[in-house]
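First comes the structure, then the notes that go with it.
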Amino acid sequence: MPRRRALLLLPALAACYIYAPPRWGADPGRRYATRERARSQATAPRRAARSAPRPEEGYEVRPGARDEPSPPALAGAAARAVQPEEPPTPPDVGEVRGRIVEAARRFLGQPFAGDCSGFVRRVLRDADVDVGPLPSAHSMSESLHLACRTVRRPLPGDLVFFHDTYDRNRDGKLGDPWTHVALVEAVEGDQVWILHRGGRGISRLLMNLSQPHDRTLNDPVRVRTAHDPEGTRYLAAELFSAYGAVVE
């Protein structure tokens, strides 16, 4: 009889074992919260990696160094997060110079298929300025320089030239002349506003020759890379070469 009673109790004992609550309690919400917390902790590193800000174009991240701003290819928009402030209203510099500035401003913020010299020639053509046949030289920028009248103090509509804005002959050394050309948009004292073709299209640069190493007064016009030789300069005034006038 006792043996029969024990056999009859087995199903009930089995049911109690199957439906017994876990040791942390029978609350399903608690089990769900615990599981979600464990999953969150496991995926946190991946989420952090995905949400970490990526370096934007024009910034180079080097191991063991802080992120340093560098200009986009061939002087794309500068290390600034925004374009330089609007230049002051230029004085009356003549009809032709005014046409050059207005023609250049129409391209501001837009992509441009050609290079820096192509942009300058397009603006001059749109402004009905004929520089005549360009002399032969090592670069189109140098050809434009030879076609200009060198001036000491620029006016809106003048051209501005730079050296060493990139390693043109790819020898890993400095000493590449006449590598970039742009247009003077406005001048106020020592501060010069420049329109040029950079890595992001047509953008505005600041340059101040009286303080050539000041990053707040000069935008970069050379891309910073890990292969730059010692002594490489990047700011506009550091790489400035000459001003040139195509009109009187």
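We did not get these values from a lab; they are worked out from the coordinates using the rules stated. Everything quoted here is computed from the prediction, not taken from an experiment. Neighbour counts run over all protein chains shown; Cβ positions are idealised from the backbone, glycine included.
Brief remarks follow.
- Multiplying the residue separation of residue 125 and residue 232 by 0.36 nm and subtracting their alpha-carbon distance yields 35.1 nm.
- Taking label positions 7 Å along the Cα-Cβ direction at both residue 102 and residue 149, the computed distance is 2.3 nm, reported to one decimal.
- Calculated FRET value between residue 137 and residue 245, using beta carbons and R₀ = 22 Å, to 0.05: 0.75
- In region 172-247, trypsin sites (Lys or Arg not before Pro) in a DSSP loop with at most 11 other beta-carbon atoms within 10 Å: 173
- Averaging the Cα positions of each part gives two centres, and for region 109-129 and region 141-210 these lie 14 Å apart.
- Counting other Cβ atoms within 10 Å as a rough exposure proxy, the listed residues 155, 144, 183 run 155, 144, 183 from fewest neighbours to most.
- Net charge of Cβ neighbours under 15 Å - reference residue 211; Lys, Arg +1; Asp, Glu -1: -3
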